[in-house]
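Undergrad: Structure provided below as structure tokens; questions to follow.
The values are calculated or read from the model by the stated rules, or taken from the named source; none is laboratory data. What you see is a predicted model; the values in this text were computed from it and never measured. Reconstructed Cβ throughout: ideal geometry from the backbone, glycine too, with neighbour counts over all protein chains shown. Surface accessibility is based on the protein's heavy atoms, side chains included, excluding ligands, DNA and RNA. Shrake-Rupley method; radii C 1.70, N 1.55, O 1.52, S 1.80 Å.
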Amino acid sequence: MTLKVHNTMTRRKEEFVPREEGKVYMYVCGPTVYNYIHVGNGRAYLVFDVIRRYLRYKGYEVFCVQNFTDVDDKIINKAKEEGKSPEEIARFYERAFLEDMAALRVIPPSVTPRATETIPEIIEMIRTLVEKGHAYVVDGDVYFRVTSFPEYGKLSGRSLEEMRAGERVEVDERKEHPMDFALWKASKPGEPSWDSPWGPGRPGWHIECSAMSLKYLGMGFDIHGGGQDLIFPHHENEIAQSEAYTGQKPFVRYWIHNGFVNIREEKMSKSLGNIVLVREVLQRYPADVMRLLVLQTHYRSPIDFGEEALEEASRAYERLENCLFALGEYLERHQGAVSPMRTQREVSLSDSFFEFERRFEEAMDDDFNTARALAVIFELVKEMNTYLQEQEAFPTPAGPILVEQGRDLILRLCRVLGLFDTPSGGETCEVDEEVKGAEAGPRIEALVDLLVEVRSRARARKDYEMADFIRERLKDLGIRLDDLREGTRWKFVGSGPGKGTSN
Ligand code: AMP
Ligand code: ZN
């Protein structure tokens with residue numbers, strides 16, 4: 001089946017054909033590291049994580065670059081406020097970002113360049129842009145000359161004439177055109193600065209992403225992503241700089257932008273003061289609740305965030321969890337007692353598994369429609385719950401085979417979306433113990449993981465007395481264990497604070 005992707009550039013869904021067969025090169029705009037990320041930012045990184053996971057599921061090898069914007073006015077201001085150096089601020093929030101990504105089980109990018117480590121490439125780009133007449137120097141600042149790039153506005157769909165010096169652009173007398181934007185900013189004393197042909201200064205935000213993406217991905221790479229607020233001016237400017245610099249086009253084959261997380265119809269943003277941090281949500285809910293909350297809406301549609309949305313996602317999570325748990329429990333009770341003889345009902349259930357998988361793929365192939373893909377998973381969950389009830393009432397010889405197939409399919413499809421991905425199972429970020437222990441919840445979960453591991457080791461030594469003892473004592477504490485083929489799963493019984501799987 002062919003994958004269709006909505007391209008912001010053409011404003012329609014297009015068949016996805018990468019630059020190189022079997023490979024996808026993508027760039028996702030990374031965070032400006034001056035604060036903890038909020039749920040809106042979290043949505044962006046989760047969306048591109050799932051896109052990446054699905055491309056891998058389709059058999060592509062995906063090379064993903066995601067930068068850190070670690071030099072910026074906001075970082076400098078925060079450093080002043082806190083009496084720290086901009087570098088201290090940047091490193092602190094980079095680390096916090098990595099913790100949040102690990103907690104959300106976002107697959108780490110292949111490369112994570114920092115703007116401050118790409119300065120020679122940035123200077124080289126700006127120098128060429130000046131030489132070619134696409135940029136000009138004013139008092140140590142360098143500006144991109146938008147009138148030199150006739151296609152300026154092609155991504156956001158506006159022409160230069162339509163653009164005015166709106167609220168977001170301060171009119172600067174030194175600029176030739178109000179839409180000209182800074183490539184290089186002369187630094188004030190005490191600010192981070194690098195030597196350049198135009199004097200000491202630092203790069204503008206837009207040129208950083210052009211330089212980092214071109215450095216690692218080259219012209220004409222496949223996917224460039226970010227939230228819809230980046231379409232203009234950030235991505236429009238990236239296109240102008242990159243295409244003007246190389247004299248080639250396109251800079252990017254497919255532009256993908258996620259919709260906003262809103263709170264009471266307003267975009268969640270630090271400047272509006274309506275943010276909820278990812279880590280605040282993760283103190284109250286498992287990471288998969290946050291993931292479900294994001295994936296239950298198509299990535300281009302807005303999400304209304306609030307208690308209700310969280311509760312709804314939490315209920316969806318419980319439904320999935322309970323089904324998987326019940327199926328696992330059933331399998332534990334029915335080990336060995338299997339026969340391939342199937343009833344008519346079981347033959348059609350077994351056939352429907354292929355159909356569920358096909359419909360899941362069809363949904364994801366339609367511009368990564370995770371909302372529809374999840375609906376397919378929930379239909380399968382419903383089907384398996386019914387089958388389980390039937391089995392409890394009227395067991396059949398092939399019951400355990402069908403239950404195992406159904407459970408494996410649910411898990412497999414969930415994992416394409418990053419759900420029920422084990423912390424140790426994928427390429428999740430490494431987070432050191434000090435970080436893991438920063439919150440009480442994760443610390444308790446880590447302790448349960450440890451006990452489960454001790455029990456597994458006891459079982460491997462055939463010390464069943466110890467293994468049973470641990471299981472019973474954990475049960476007394478309201479923690480149920482479930483031995484599955486891929487490891488032991490555990491959960492707090494009732495609406496406990498968390499759950500996990502230990503291998
Ligand atoms: P920033 O650090 O502000 O550049 O944001 C990081 C990522 O989060 C970018 O891709 C933004 O477009 C995205 N983003 C910021 N706010 C929201 C929001 N309220 N909803 C969805 N995405 C957002
Ligand atoms: Zn960017």
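Undergrad: Of all residues in region 54-71, how many are surrounded by fewer than 24 Cβ atoms within 10 Å (Cβ to Cβ) and in contact with a helix residue (DSSP H, G or I) (Cβ under 6 Å, 6 or more places away or on another chain)?
TA: Qualifying residue count, region 54-71: 6.
Undergrad: Of everything in region 1-31, what is surrounded by 10 or more Cβ atoms within 10 Å (Cβ to Cβ) and β-branched (Val, Ile, Thr)? Give them in sequence order.
TA: Residues satisfying the conditions are Val5, Thr8, Thr10, Val17, Val24, Val28.
Undergrad: Ok, one more. Would you say Ser156 is in a loop (DSSP other than H, G, I, E, B) and within 16 Å of ligand 2 (Cβ to nearest atom)?
TA: Answer is yes for this residue.
Undergrad: Pull out all pairs, ordered by first then second residue, where Cβ-Cβ is under 6 Å, the residues are six or more apart or on different chains, the first lies in region 1-15 and is part of a loop (DSSP other than H, G, I, E, B), and the second is exposed (fewer than 10 other Cβ atoms within 10 Å of the Cβ).
TA: So the pair list comes out as Thr2/Glu15.
Undergrad: Answer with yes or no whether Leu160 is at pLDDT 95 or above and touching a helix residue (DSSP H, G or I) at 6+ places or on another chain (Cβ under 8 Å).
TA: Considered against the rule, which asks whether it is at pLDDT 95 or above and touching a helix residue (DSSP H, G or I) at 6+ places or on another chain (Cβ under 8 Å), Leu160 comes out as no.
Undergrad: Within the set of pairs 6+ apart or on separate chains, which have a first residue in region 313-339 that is on the phi < 0 side of the Ramachandran plot, a second that is in a loop (DSSP other than H, G, I, E, B) and open to solvent by less than 10 Å² (accessible area, probe 1.4 Å), and C-beta atoms under 8 Å apart?
TA: Cβ pairs passing all conditions: Leu320/Leu419; Val338/Ala398; Ser339/Ala398.
Undergrad: Next question, about the same structure. Give me the residue from region 218-271 that is over 16 Å from Ser148 (Cβ atoms) and among the hydroxyl-bearing types (Ser, Thr, Tyr) and, out of that set, nearest to ligand 1 (Cβ to nearest atom).
TA: Taking the candidates together, the pick is Ser269.
Undergrad: Taking only region 202-235 into account, find how many residues are more than 11 Å from ligand 2 (Cβ to nearest atom), part of a helix (DSSP H, G or I) and surrounded by 24 or more Cβ atoms within 10 Å (Cβ to Cβ).
TA: 0
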